Amino acid sequence: MNVFLSYILLGLSLAAPIGPINAAQIDKGIRHGFMHSWLIGVGAVAADGVYMMVVYFGVVHFLETPFMKTFLWLFGCFVLIYTGIETMLSANKLKIGEKRQEEPLVKSFLSGFFMSISNPLTILFWLGIYGSVLAKTAATYETSQLILYSSAIFIGLLLWDITMAGIASNFRKYLTSRLLVGISLLSGISLIGFGIYFGFQAFNVLFG
C-alpha cells in the first residue's frame with residue numbers, strides 16, 4: 001500500500017508544476033467552469049497515457065540489463081531535478097490567460113490532449129520518469145502489480161486535475177498569485193526529491 005501511495009504522490013507531483021496545461025485549466029475554470037477546466041486535464045492525461053504505452057511496449061523488454069537500469073534511473077533523475085528547479089525558478093512568472101469565447105466541452109478535451117502530445121519534450125519526460133518506474137517495478141513485481149502502480153500514477157494525475165478544476169471554478173477568491181507560487185515551489189521541491197531518489201537508485205546499480 002505504501003508503494004501504491006508513493007506512485008499516487010508521484011502522479012500528483014508530475015501534474016502539479018504550473019505549466020501550459022495548468023495555466024489553461026485555471027483560465028478555463030475561471031472563464032467557463034469546472035467541466036471545461038477538468039476536461040483540459042483529462043485530455044492531457046490521455047496524451048500522457050499514449051506516451052506511457054509507447055514507453056511500456058518499447059522499453060520494458062530491455063530493462064533487465066544493468067546498463068538500461070542505470071541509464072533510466074539517471075535520465076529520470078536528470079528530468080525530475082531539472083523540471084523541479086525550472087518550476088521553482090519560474091514560480092514568479094505565472095500568468096493566467098486572457099479571456100476566451102465559449103466553446104464545446106469536447107474542444108476543451110482536445111485542447112488539453114494536443115497541447116500535451118504535441119510537446120516534443122513530453123516523450124523524453126515520460127521516457128525518463130516512467131522508464132525509471134518500469135526499471136524498478138519490472139525487476140521486482142509481476143505484470144499485474146506493474147499495471148497497478150501505473151494506474152496509481154494516473155490516479156495522482158487525475159486527482160490533481162480535479163483539484164485544479166475545483167480551485168479555478170469554485171474558489172476564485174483564493175486563486176491568488178501567492179497561492180500559485182506556493183503550489184509551484186512545493187511541486188518543485190517534491191520533484192527534486194524524487195529525482196534524488198532516482199539518482200540514489202542509479203548509484204546502487206552502479207556501485208551496490
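Neighbours of GLY199, meaning other residues whose beta-carbon lies under 14 angstrom from its beta-carbon, give a summed charge of +2 when Lys and Arg score +1 and Asp and Glu score -1. When nucleic acids and ligands are ignored and a 1.4 Å probe is applied, PHE125 ends up with an accessible area of around 50 Å².
Of the listed residues PHE198, PHE78, the order by accessible area with a 1.4 Å probe, largest first, is PHE78, PHE198.
Cβ neighbours within 10 Å, averaged per peptide: list 149-158, 40-49 in order, most packed at the top. Walk me through the intermediate numbers first.
Details: 149-158: 19.4, 40-49: 23.0.
Highest-to-lowest ranking by the protection proxy: 40-49, 149-158.
With a cut-off of 14 Å between beta carbons, the residues surrounding ILE153 carry a summed charge of -1, where Lys and Arg count +1 and Asp and Glu -1. Ordered from largest to smallest accessible area (heavy atoms of protein chains, 1.4 Å probe), the residues LYS28, LYS107, LYS136, LYS69 come out as LYS107, LYS136, LYS69, LYS28.
The values are calculated or read from the model by the stated rules, or taken from the named source; none is laboratory data. All figures in this text were calculated on a predicted structure; none of them were measured in a lab. Backbone-built Cβ (ideal geometry, glycine too); neighbour counts: all protein chains shown. We work out accessible area using only protein heavy atoms, side chains counted, and drop any ligands, DNA or RNA first. Shrake-Rupley method; radii C 1.70, N 1.55, O 1.52, S 1.80 Å.
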